[in-house]
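Student: Before we start, here is the structure in question, set down as structure tokens.
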Amino acid sequence: RELTIDLGDRSYPIYIGEGLLDQIASYFDKHGLSKKSPLFIVSDSNVAPRFLPKVQQKLEEGGYRVVTAVVPSGESSKSLAQFEQLITEALQAGLDRNSAVIALGGGVVGDLAGYVAAAYMRGIRFIQIPTTILAHDSSVGGKVAVNHPLAKNIIGAFHQPEMVFYDLATLQTLPEREVKSGLAEVVKHGLIWDTEFVDWIDAHADKLLALDAEALGYALYKGCSVKAAVVSQDERENDLRAILNLGHTIGHALEAVANYNELQHGEAISIGMVGSAILGVELGAPQEVYEVTKRVLQRCGLPVRLPEHLDTDEIMEAMMHDKKFKEGHMVYIIPTAIGKVEINKAMSAERVRAVVEQLK
Ligand code: NAD
Ligand code: ZN
């Protein structure tokens, strides 16, 4: 499958298919990547042993010069220290203005390598090869960043990839928990934009969990399409792009209170999306918004209730630190129907607190 992200002045393709990595060199040829300047492939310690040798071999057979860097797996690699290390390696390898940085991995590698591509010589070419389901979200849209000890994703840039290259075969080795966590963002894309897609996920959740390539290909295609549609209308998050934060205000607070180790991102936003559905129904959406949201998430193996030991005061405190909170009111993405949301700029903290209590 092929999909185009159209940003008006620029556009780029998302390729999704099984076994695509075998033909990677011909895709690079089509995009006119340089065979003189080195390509810089960044991967992590879980992904590199599985897929890096193949990617490197196929590119070298196609006449490309390849340099590789492998960072430790996990969120802690999204750091300024790791960024600097990669810049050092890029310099030592002689990357120049015609080089490209290639992210081979999940959202961590995508965000980190993307920031290297955005900063090196004020920006060089960038290609995403996502290997997680969650990365259908992070690889599309151009947000790249590393973390600061005081805040996530706070040092970053907008730097669009020139292609996203999704080989479904790479997803077969994903741990089950990562599969479920990634599906939470797929469900989110349905809930904010596309009723029929939500019904489809409802009916095909078993196939998705079993990593059926046909089903996965369709789900990622639809998920990327929604993200593309939203981003192409609002690249810099002035307004519409905020709807991509459905479930994320509560979700981020839960991740923080659970010390970023007990709950996966997808698990946290799953609970957050159920909270948003409750708020939606309270504000007049049909009851089915709550029922369908909860059912689809459960079918994808995701949690829909809060772990009981998490403290409501701490969760509210964490939410106050969220950048979406202003003067006693929160900007909240609220479902009005399945596949439809609105941006509510005056959500009261008390109302949210009551919902957090209900989620227990
Ligand atoms: P991740 O990159 O850490 O991958 C999850 C785990 O799976 C890691 O341990 C990784 O090594 C492993 N893994 C990856 N691919 C594998 C494969 N094919 N087989 C086996 N193991 C594999 O995490 P993620 O969930 O992909 O992404 C999370 C990151 O994405 C966060 O840092 C988040 O901030 C970022 N993000 C960014 C955006 C954006 O718009 N830029 C959007 C959403 C999330
Ligand atoms: Zn998310």
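Here, each number is a calculation from the coordinates, and none is a lab measurement. Everything numeric here is computed off the predicted structure, so don't read it as measured data. With ideal geometry, Cβ positions are generated from the backbone for all residues, glycine too; neighbour counts draw on all protein chains shown.
Student: Given contacts defined as C-alpha pairs under 8 Å and at least six residues apart, what's the relative contact order of the chain, whole-number percent?
Tutor: Once normalised by length, the contact order is 15 percent.
Student: Rounded, prolate or oblate: which fits the stretch 209-296 when a ≥ b ≥ c are the square roots of the eigenvalues of the alpha-carbon gyration tensor, with rounded for a/c under 1.5 and prolate only if a/b beats b/c?
Tutor: Rounded is the answer for the stretch 209-296, as its axis ratio a/c remains below 1.5.
Student: Determine the distance separating the Cα centre of the stretch 51-80 from the Cα centre of the stretch 128-205; give it in Å without decimals.
Tutor: First find each Cα centre; the distance between them is then 20 Å.
Student: Let me ask another. Under the Karplus relation 6.51 cos²θ - 1.76 cosθ + 1.60, θ = phi - 60°, what is the ordered set of whole-Hz ³J(HN,Hα) values for the stretch 110-126, x standing for Gly and Pro?
Tutor: Couplings: x, 5, 5, 5, x, 6, 4, 4, 5, 9, 4, 6, 6, x, 10, 5, 9 Hz.
Student: By the gyration tensor of its Cα atoms, with a ≥ b ≥ c the square roots of the eigenvalues, what is the shape of the stretch 85-153: rounded for a/c under 1.5, prolate for a/b over b/c, or oblate?
Tutor: Cα axes put the stretch 85-153 in the oblate bin.
Student: Right, something else. What number, rounded to the nearest 500 deg cm²/dmol, is the helix-based mean residue ellipticity at 222 nm of the chain, given -39500 (n - 2.57) per DSSP H run of at least four residues and division by all its residues?
Tutor: -14500 deg cm²/dmol
Student: Related question: Hey, how many Å between the Cα centroid of the stretch 241-286 and the Cα centroid of the stretch 18-34?
Tutor: Cα centroid of the stretch 241-286 versus Cα centroid of the stretch 18-34: 38 Å apart.
Student: Using only Cα atoms, find the angle between the long axis of helix 195-209 and the longest principal axis of the chain, and express it within 0 to 90 degrees, rounded to the nearest 10.
Tutor: Approximately 70 degrees, to the nearest ten.
Student: Counting only residues 5 or more places away or on other chains, whose amide H sits under 5 Å from the amide H of residue 79 once H atoms are built in the peptide plane?
Tutor: Here the answer is 147, since their amide H atoms fall under 5 Å of that of residue 79.
Student: Using only the Cα atoms of the stretch 2-173, build the gyration tensor, take square roots of its eigenvalues as a ≥ b ≥ c, and label the shape rounded, prolate or oblate: rounded if a/c is under 1.5, else prolate if a/b is larger than b/c, else oblate.
Tutor: rounded
Student: Taking 7 Å along the Cα-to-C-beta vector as the label spot, tell me the residue 35-residue 349 distance in nanometres, rounded to one decimal.
Tutor: For the pair residue 35/residue 349, the computed spacing is 6.2 nm.
Student: Shifting gears a bit: Straight-line reach only, C-alpha to C-alpha below 21 angstrom: list the lysines that residue 345 could link to, leaving out same-chain residues fewer than 8 apart.
Tutor: Within reach: 188, 323, 324, 326.
Student: Hey, another quick one. Does anyone have the angle between helix 213-233 and the longest principal axis of the chain? Alpha-carbon axes, 0 to 90°, nearest 10?
Tutor: Orientation of helix 213-233: about 80 degrees from the principal axis.
Student: Give me the count of lysine pairs in the stretch 2-173 whose alpha carbons sit under 26 angstrom apart, restricted to pairs 8 or more positions apart or on different chains.
Tutor: Lysine pair count for the stretch 2-173: 11.
Student: Of the beta bridges DSSP finds with both residues in the chain, what % are antiparallel, to the nearest 5?
Tutor: Counting only bridges with both partners in the chain, antiparallel ones make up about 45 percent.
Student: Compute the helix-to-body angle for 349-358: its Cα long axis versus the longest principal axis of the chain, expressed 0 to 90° and rounded to tens.
Tutor: Around 90 degrees separate the two axes.
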